1. Search the structure for amide H atoms under 5 Å from the amide H of residue 14, placed 1.01 Å from N in the peptide plane, and list their residues when 5 or more places away or on another chain.
2. Given a 10 angstrom Cα cut-off, can you work out which residue in 55, 36, 64 is the most mobile in a GNM of the chain?
3. Using 7 Å Cα-to-Cβ label points, what is the residue 50/residue 66 separation (nm, one decimal)?
4. To the nearest 500 deg cm²/dmol, what mean residue ellipticity at 222 nm is calculated for the chain from DSSP H runs of n ≥ 4 alone, each contributing -39,500 (n - 2.57), summed and divided by the residues?
5. Among 32, 19, 74, flag the residue with its Cα farthest along the positive direction of the charge dipole of the chain, charges on Cβ as +1 for Lys/Arg and -1 for Asp/Glu.
6. Can you give me the relative contact order of the chain as a percent, contacts being Cα pairs under 8 Å and 6 or more apart?
7. Only one of the values (i) 1.05; (ii) 1.10; (iii) 1.30 was calculated from this structure for Rg/Rh (Cα atoms, Kirkwood Rh); name its label.
8. Once phi is turned into θ = phi - 60°, what whole-Hz ³J(HN,Hα) does the Karplus curve with 6.51, -1.76 and 1.60 give for every residue of the range 16-32, x standing for Gly and Pro?
Amino acid sequence: MKQQRKKEREKTAWTVESAGERLREIVARVETEGPQFLNGDADRTVVMISLQEYQRLLADQPRQDFLNFMETLPLYRLDMEREAEKERDLVL
């Protein structure tokens, strides 16, 4: 299974340099063949997908309101202690 996916990925993989020169071809392949992979420096990879695929992926995500999102953040790792000062100097 992994071998098959690796071969498929190699067939649809581009370097960033070649992608710049062949962008129209890559966009056409995204629309006809599916996701295309752009390999950059230091083993970074970007995946180009169609707008329809992107919208489908977004639709599959449950929407979360801002308050719930903030409550799920791992803020316990932040040092949010503040010295208890009774007065502050104000420059007017």
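1. 37, 38, 39
2. Highest fluctuation among the options: 64.
3. The answer from the label model is 3.5 nm.
4. The per-residue figure over the chain is -13500 deg cm²/dmol.
5. 32
6. Dividing the mean separation by the residue count of the chain yields 18 percent.
7. Derived directly from the coordinates: (iii).
8. 4, 4, 5, 5, x, 7, 10, 4, 4, 5, 5, 4, 4, 5, 4, 6, 9
Rule-based calculations on the coordinates, nothing more; no lab input. Just so it is clear, the model here is predicted, and its values are computed rather than measured. Methodologically, a virtual Cβ is constructed for each residue, glycine included, from the backbone with ideal geometry; neighbour enumeration extends over all protein chains shown.
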